[in-house]
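Trainee: Just dropping this structure here.
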Amino acid sequence: MLVSQDVDTALAALLGLLIGSFLNVVIYRLPAMMLRGWLEESVGNLMAAESGPSLWRQVLGPKGPAIPSTLERGASDAAMRLDALPPLTLSRPASRCGHCGHGIRWYENIPVVSYVALRGRCSSCRASISPRYPAVEIVTSAFFALCAWRYGFTLTGALWAAFAALLICQFLIDLDTQLLPDSLNYALLWMGLGAAALGLTGIALSSAVWGAVFGYLSLWLVYHAYRLATGKEGMGYGDFKLLAALGAWLGADYLIGIVLVSSLVGAVLGLALLAAGRLANKNIPMSFGPFLAGAGLVCLAIGPAEVKRLVPFAFPFAPG
Ligand SMILES: [Zn+2]
């Protein structure tokens, strides 16, 4: 007999497929939108540096270098080209085949179903579609179902589902581009703190706040110690913010556990990429973000309380 928990879980799984389809768009477009924004900003700054207000002359100094006119002409040319580009947002332009530009119709965009029906190929040019699209949809669906099954159709369940969705994005965006968008990191951080303040994540607000503070500080210290010792930069500020966000969700006593689980994720991911031949070029830096995001997802999948039971030595400061 179907009980309401089963119905909730099935509905959440369905919703997860749809959200997963949207996450695919975020994963592919958000980095491109960010890079375009940075490019527009740099070009604007270059132009302002030459003809702009006196503040710019202060930066360059009274006898400082002038921006070469070729660079300025290049910047204004680039600005015109950027202005002429079609808008790029999460909703525009509509999804197209990356290979032939074929506009994807609604019935070709049904999560998982369309991929199977099209046998993983574009209906127009037959170019293969990455199996990552349905994989993201299935993983998102599984996490949504898990949240509904564990927490029911509650605000707490919805929050943990959002936690999973944001981490899936960070995991793949960092894997693809070595970027961890602030917009997603801050959404995670503020949601985690807000949820703790409302008592929705089951951890004390003070533990969430200290989790965020120590999460950020610990990696910040590692980063600067590594930089002083080797002159190289081992990770980025995005990693500090992501660990801060995880600390806000799981609590300060979880930080050692997260770092432990993230090294496990790193080992598994490294082996998987090695097996897939993706690590052939050792010069491509492997970032820390996917390990952290993966650790957050593993903790949610196992259950935060269960992780404490499995690796008690990672919680030396746990009360009780
Ligand atoms: Zn095509």
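Trainee: Using +1 on the beta carbon of Lys and Arg, -1 on that of Asp and Glu, and nothing else charged, what's the dipole of segment 154-314 about the Cα centre, debye to 20? If you can, show how the numbers build up before the last one.
Mentor: Working: 7 positive and 7 negative charges, 49 e Å.
For segment 154-314, the charge dipole is close to 240 debye.
Trainee: Same structure, new question: Leaving out ligands, DNA and RNA, and with a 1.4 Å probe, what % of the accessible surface on the chain is carbon or sulfur?
Mentor: Values: 11990 of 17650 Å².
Here it works out to 68 percent.
Trainee: Okay, next question. Using only DSSP helix segments of four residues or longer, with each worth -39500 (n - 2.57), what per-residue ellipticity at 222 nm results for the chain after dividing by its residue count and rounding to 500?
Mentor: Numbers: 12 runs with 217 residues, N = 320.
Value at 222 nm, helices only, nearest 500: -23000 deg cm²/dmol.
Trainee: What are the radius of gyration and Dmax of segment 154-314, computed over its Cα atoms and given in Å?
Mentor: Just the Cα atoms of segment 154-314 yield Rg and Dmax of 15.4, 49 Å.
Trainee: Sticking with this one: Near Lys308, which aspartates and glutamates are there with a Cα under 14 Å away, not counting those fewer than 8 places off in the same chain?
Mentor: Straight-distance partners of Lys308: Asp253.
Trainee: Assign unit charges at the C-beta atoms only (+1 for Lys and Arg, -1 for Asp and Glu), then state the dipole size of the chain relative to its Cα centre in Debye, rounded to the nearest 20.
Mentor: Magnitude of the dipole: close to 600 debye.
Trainee: Which one of Ala212, Gly277, Val307 has its Cα pushed farthest toward the positive end of the charge dipole of segment 154-314, where Lys and Arg give +1 and Asp and Glu give -1 at the Cβ?
Mentor: Among Ala212, Gly277, Val307, the one farthest towards the positive end of the dipole of segment 154-314 is Gly277.
Trainee: Now for a separate question. For a test of the definition: using alpha carbon positions, the gyration tensor, and the 1.5 limit on a/c, classify segment 57-97 as rounded, prolate or oblate. Show your work: numbers first, answer last.
Mentor: Values: a/c = 5.60, a/b = 2.89, b/c = 1.94.
Since a/c reaches 1.5 and a/b is larger than b/c, the shape of segment 57-97 is classed as prolate.
Trainee: In angstroms, what radius of gyration and Dmax does segment 4-97 have, counting Cα atoms only?
Mentor: Cα radius of gyration and Dmax of segment 4-97 are 22.1, 75 Å respectively.
Trainee: Next question. For the peptides 180-187, 84-91, what is the packing order when you average, over each peptide's residues, the other Cβ atoms within 10 Å and list the highest mean first?
Mentor: Details: 180-187: 18.4, 84-91: 9.0.
Order by mean packing, descending: 180-187, 84-91.
Trainee: When the chain is modelled as a GNM with alpha-carbon springs shorter than 10 Å, which of Gly103, Gly277, Gly20 fluctuates the most?
Mentor: Looking only at Gly103, Gly277, Gly20, the largest GNM fluctuation is found for Gly277.
Trainee: Per residue, how much accessible surface does segment 154-314 expose to a 1.4 Å probe? Answer in Å², no decimals.
Mentor: Working: 7330 Å² over 161 residues.
I get 46 Å² per residue for this part.
Trainee: Another question, then. Ignoring ligands, DNA and RNA, how do Tyr133, Tyr107 rank by accessible area with a 1.4 Å probe, largest first?
Mentor: Tyr107, Tyr133
Trainee: Can you order the peptides 303-312, 197-206 by their average number of other Cβ atoms within 10 Å per residue, highest first? Please report the intermediate quantities before stating the final value.
Mentor: Numbers: 303-312: 13.8, 197-206: 15.4.
The most tightly packed comes first, giving 197-206, 303-312.
Trainee: Where only protein heavy atoms count, and the probe is 1.4 Å, what is the accessible area per residue for segment 4-97 in Å²? Spell out each step's value before the answer.
Mentor: Values: 6050 Å² over 94 residues.
I get 64 Å² per residue for segment 4-97.
Trainee: Right, here's the next one. For the chain, what are the DSSP H helices with axial Cα length of 24 Å or more and mean Kyte-Doolittle hydropathy of at least 1.0? Please list the in-between numbers first.
Mentor: Values: long enough: 4-51 (66 Å, 0.77); 132-151 (28 Å, 0.65); 155-177 (32 Å, 1.55); 205-230 (37 Å, 0.93); 255-275 (30 Å, 2.62).
Counting only whole DSSP H runs, the qualifying helices are 155-177, 255-275.
Trainee: Treating the chain as a set of equal point scatterers at the Cα positions, no solvent, please give the Debye-formula log₁₀ I(q)/I(0) at q = 0.08 Å⁻¹.
Mentor: -0.47
Trainee: From the P(r) of segment 111-229, can you give the percent of Cα pairs sitting at distances over 24 Å? Please list the in-between numbers first.
Mentor: Working: 3268 of 7021 pairs.
Summing the P(r) of segment 111-229 above 24 Å gives 47 percent of all pairs.
The values are calculated or read from the model by the stated rules, or taken from the named source; none is laboratory data. Bear in mind the structure is a predicted one, so any value in this text is a computation, not a measurement. Note that each Cβ is placed from the backbone with ideal geometry, even for glycine, and that neighbours are counted across all protein chains shown. Surface accessibility is based on the protein's heavy atoms, side chains included, excluding ligands, DNA and RNA. Shrake-Rupley method; radii C 1.70, N 1.55, O 1.52, S 1.80 Å.
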